[in-house]
Amino acid sequence: MRAFDPSQVPPPVTDFRWQELPTDRSIDLEIGAGQGLHPIAYARANPERQLIALEKTHTRFAKLEGRRNAHPDLTNLWIAQADATAFVTHLIPDQTLAKVFILYPNPYPKHKQANLRWHNRPFLATLLKKMRPDAELTLATNMPWYADEAVATLTHQWGLHLTLRHQITGSPRTHFERKYLARGETCWNITFSFVE
Ligand SMILES: C[S@@+](CC[C@H](N)C(=O)[O-])C[C@H]1O[C@@H](n2cnc3c(N)ncnc32)[C@H](O)[C@@H]1O
């Protein structure tokens, strides 16, 4: 795998300032937040934590923003339309993130796209560097082969420990999860840590 070179990634255009986040809250990050079902529910359920939710596309971010604006009382959710690679590289200090969520990432199923899956990207080294030693990474997918590959790569290549792999039951947390469960598909939630 080629090395990730942060100097090749242009800084994102945003008014986000890490220094302005509350210092008494654990900081969590959601990459690819989509239309925002999970960020809103998570921020509401965890008032003592701070979530940064990033979504790259304009269309999905507009829906996330609309949803967020309907909850002006939520002071612990920061949303941004941004490419997570640039945002994390330039704006997140090392060893600060307590939890990272990547829920239903694009699986890039074609063989020639394999290097675009998050666990196969050189950028993952940077993301892991931004996480606290006691941090947790949560991945969700409806693709069994993707789950197997992510677990193998994240444990063997990146040295993470698999802490949980379970089937989702109950209320869907995201729009994609809702779609997959409605189709009768199995959704997996997989968590990793740095320590056993
Ligand atoms: C399959 S969708 C899942 C959305 C949401 N997590 C859900 O489960 O409903 C994947 C999302 O990740 C976003 N995404 C992909 N690459 C990204 C990146 N580099 N930075 C931020 N968002 C990204 C896509 O725009 C898309 O909205």
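See the values below:
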| read-out | value |
| --- | --- |
| Number of the exception - residue 50 against (1) buried (at least 16 other Cβ atoms within 10 Å of the Cβ); (2) closer than 18 Å to residue 172 by Cα; (3) more than 13 Å from the ligand (Cβ to nearest atom); (4) not hydroxyl-bearing (Ser, Thr, Tyr) | (2) |
| Any hit, the stretch 10-18, residues being within 12 Å of the ligand (Cβ to nearest atom) and closer than 22 Å to residue 178 by Cβ | no |
| Pairs, first without any contact (Cβ under 8 Å) to a residue 12 or more places away in the chain in the stretch 131-145, second crowded, with 21+ Cβ neighbours inside 10 Å and assigned to a strand (DSSP E or B), C-beta under 8 Å, six or more apart | none |
| Pair list, Cβ < 7 Å and 6+ apart or interchain, from the stretch 65-89 residues that are farther than 30 Å from residue 124 by Cβ to residues that are not aromatic (Phe, Trp, Tyr) | 71/40 |
| Condition broken by residue 119, with the remaining ones in (1) buried (at least 16 other Cβ atoms within 10 Å of the Cβ); (2) assigned to a strand (DSSP E or B) satisfied | (2) |
| Hey, residue 100 buried (at least 20 other Cβ atoms within 10 Å of the Cβ), under 15 Å from the mean Cα position of the chain (by Cα), in a helix (DSSP H, G or I) and among the aliphatic types (A, V, I, L, M) or not | no |
| Residues that are away from the ligand (no atom under 11 Å from the Cβ) and either touching a residue at least 40 places away in the same chain (Cβ under 8 Å) or under 10 Å from residue 77 (Cα atoms) (or both), drawn from the stretch 23-45 | 25, 26, 27, 28, 40, 41, 42, 43, 44 |
| Within the stretch 35-79, tally of residues that are of a type outside the set (Ser, Thr, Tyr) and within 13 Å of the chain's Cα centre (by Cα) | 10 |
| Residue selected from the stretch 146-179 under the condition polar (S, T, N, Q) and assigned to a strand (DSSP E or B), by the criterion farthest from the chain's Cα centre (by Cα) | 167 |
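Only the coordinates and a few stated rules stand behind these numbers; no lab work does. It should be emphasised that the depicted structure is a prediction, and the values quoted were computed from it without experimental measurement. Methodologically, a virtual Cβ is constructed for each residue, glycine included, from the backbone with ideal geometry; neighbour enumeration extends over all protein chains shown.
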